[in-house]
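The values are calculated or read from the model by the stated rules, or taken from the named source; none is laboratory data. Everything numeric in this text was worked out from a predicted model, so none of it was measured. No Cβ is skipped: glycine too gets one built from the backbone with ideal geometry, and neighbour counts run over all protein chains shown. Note: accessible area is taken over every heavy atom of the protein model, side chains too, but ligands, DNA and RNA are not part of it. Shrake-Rupley method; radii C 1.70, N 1.55, O 1.52, S 1.80 Å.
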Amino acid sequence: MTEIAASNFRHAQRHIRLDTILRLRWLAVLGQLAAIFIVAQGLEFNVEIVPCVSIIALSASLNLALQTAANPMHRLEPMQAAGLLALNIVELAGLLYFTGGLQNPFSFLFLAPVLISATALPARFTFGLGVLAVACASVLFFFHLPLPWDSDDPLVLPPIYLVGVWLSIVLAIGVTSLYSFQVTEEARKLADALAATELVLTREQHLTQLDGLAAAAAHELGTPLATIFLISRELEKTVKDASIAADLKTLREQTQRCRDILSKITQLSTDAPFDRMKLSELIEEVVAPHRDFGVEIKVRIAVAAVSEPVGSRNPAILYGVGNIVENAVDFAHTTVEVNAWWNKDNIELVISDDGPGIPPDILNRIGEPYLSRRRPQDDGGGERRGLGLGVFIARTLLERTGAKVSFTNRTFPEHGAVVHITWPRERFEAIEMLEETIG
């Protein structure tokens, strides 16, 4: 079965475009200017306009410098993006210092940079930004200028309320960031796993195409090689010069060798990949590569009143069922059973082993990407690690062919995992199924 390298799909570098950060910073600049204008001119509260506008002007100047010096479409390294988000937190803390600290309702904007980091940057940067935001909020709890308010009716908030505001900011940063990170990570895992699935199908399709190209090449080259062989043989009979005759003999022998090679390629192309195959033939092709691993594989085909199903040689089915059989052999102690039966409506395939079974904590989640639990190796004692993509890819490919796949454990006192695969017979036998799956 096709193996997929872990480095192709996991731990990919995460990048944010500079343009995305700049848009957010410009939005912050406009919002901050609007808030100061409304408070100072609309509500006529006393605001420290000069220091506030100075901080906003510095932020705008940095935005202009970045837009001028760098390509906005440039993808920032995680460290660079985290630095800009940290600067946003510091700028916000400076503005809040002059406008009431945690009494200012805009203090909850500390959440924004941390949430952006949680959805786009590695966890360590998100954790660092969260610590920075909490530290700034803690400093503002003790040090800040009064909240802009009506001087005739000053607003005095009790300390316990400010403690509640600080605590709510801390909890919001922690909980929402963790939730956003988990949701984004799950979406990223699913996207990577689907990419791996498409890669498997593409590789299988390429193998099929190469097989057809080999057959076509063998057919096309056969005629000119036959001509060369006949001419060299006739010339060898008529030429009197011994040296020339020896060269012609060598040419004839090498031409015959080429014809033999092409004949073998043609036989491989026509005999190996059958266009249509019975269910029992499909099972045997899947099981055969796993018979020499010290685990007995028992195949039982039930005899039914209706004829045996015949379907297309589908790479998705071969890979999906093969991966499940491979996992069963991997975890079995001594025996793997493959049972198949059918009627006029459905085809059912059951693959079971006598291994430890599926742990209860992942039984309902089996088939999700990057969900893997491997037993220690018998020979090395180390942990056998995997991406957990195999079962996900197998399930996805089989479901594309119309199958329903379910995972259970054997009933106590027996132990082991059981996989049920069921197809509608009409879908399994459809001639166009291979093209639908790969296309």
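Go through segment 291-307 and give me each residue that's farther than 17 Å from VAL419 by Cα and either open to solvent by less than 50 Å² (accessible area, probe 1.4 Å) or not acidic (Asp, Glu) (or both).
Scanning segment 291-307 gives ARG291, PHE293, GLY294, VAL295, ALA302, VAL303, ALA304, ALA305, VAL306, SER307.
If a residue must be modelled with pLDDT under 70 and open to solvent by less than 80 Å² (accessible area, probe 1.4 Å), how many such residues does segment 356-386 contain?
Adding up the residues that qualify gives 14.
With GLN267, GLN254 as the choices, which residue is modelled with pLDDT of 75 or more and open to solvent by 50 Å² or more (accessible area, probe 1.4 Å)?
GLN254
Can you name the condition, by its number, that ASP353 falls short on among (1) at pLDDT below 75; (2) buried (at least 18 other Cβ atoms within 10 Å of the Cβ)?
Evaluating ASP353 over (1) at pLDDT below 75; (2) buried (at least 18 other Cβ atoms within 10 Å of the Cβ) leaves (1) as the failure.
Taking into account only those residues within segment 335-349 that are in contact with a strand residue (DSSP E or B) (Cβ under 9 Å, 6 or more places away or on another chain) and open to solvent by 10 Å² or more (accessible area, probe 1.4 Å), which is farthest from THR408 (Cα to Cα)?
ASP345
Of all strands (runs of 3 or more DSSP E) completely enclosed by segment 274-336, which ones contain at least 1 residues that are farther than 23 Å from GLU399 by Cα and at pLDDT 85 or above?
296-301
Taking GLU435, is it more than 23 Å from HIS290 (Cβ to Cβ), in a helix (DSSP H, G or I) and either modelled with pLDDT under 85 or open to solvent by 80 Å² or more (accessible area, probe 1.4 Å) (or both)?
yes
If we only count helices (runs of 4 or more DSSP H) wholly inside segment 40-159, which ones have 2 or more residues that are open to solvent by 80 Å² or more (accessible area, probe 1.4 Å)?
Of the helices (runs of 4 or more DSSP H) lying wholly inside segment 40-159, those with at least 2 residues that are open to solvent by 80 Å² or more (accessible area, probe 1.4 Å) span 49-69, 78-98, 123-142.
Pick from ALA216, ALA172, ALA196: which is surrounded by 13 or more Cβ atoms within 10 Å (Cβ to Cβ) and either charged (D, E, K, R) or modelled with pLDDT under 70 (or both)?
Going through ALA216, ALA172, ALA196 in turn, just one is surrounded by 13 or more Cβ atoms within 10 Å (Cβ to Cβ) and either charged (D, E, K, R) or modelled with pLDDT under 70 (or both): ALA196.
What single numbered condition from (1) modelled with pLDDT of 80 or more; (2) in a helix (DSSP H, G or I); (3) open to solvent by less than 50 Å² (accessible area, probe 1.4 Å) fails to hold for TRP166?
(3)
Against the condition out of contact with any Pro (no Cβ under 6 Å at 6 or more places or on another chain), farther than 30 Å from ARG124 by Cβ, open to solvent by less than 50 Å² (accessible area, probe 1.4 Å) and not in a loop (DSSP other than H, G, I, E, B), how does ALA35 come out, does it pass?
Details: out of contact with any Pro (no Cβ under 6 Å at 6 or more places or on another chain): yes; farther than 30 Å from ARG124 by Cβ: yes; open to solvent by less than 50 Å² (accessible area, probe 1.4 Å): yes; not in a loop (DSSP other than H, G, I, E, B): yes.
Yes, satisfied.
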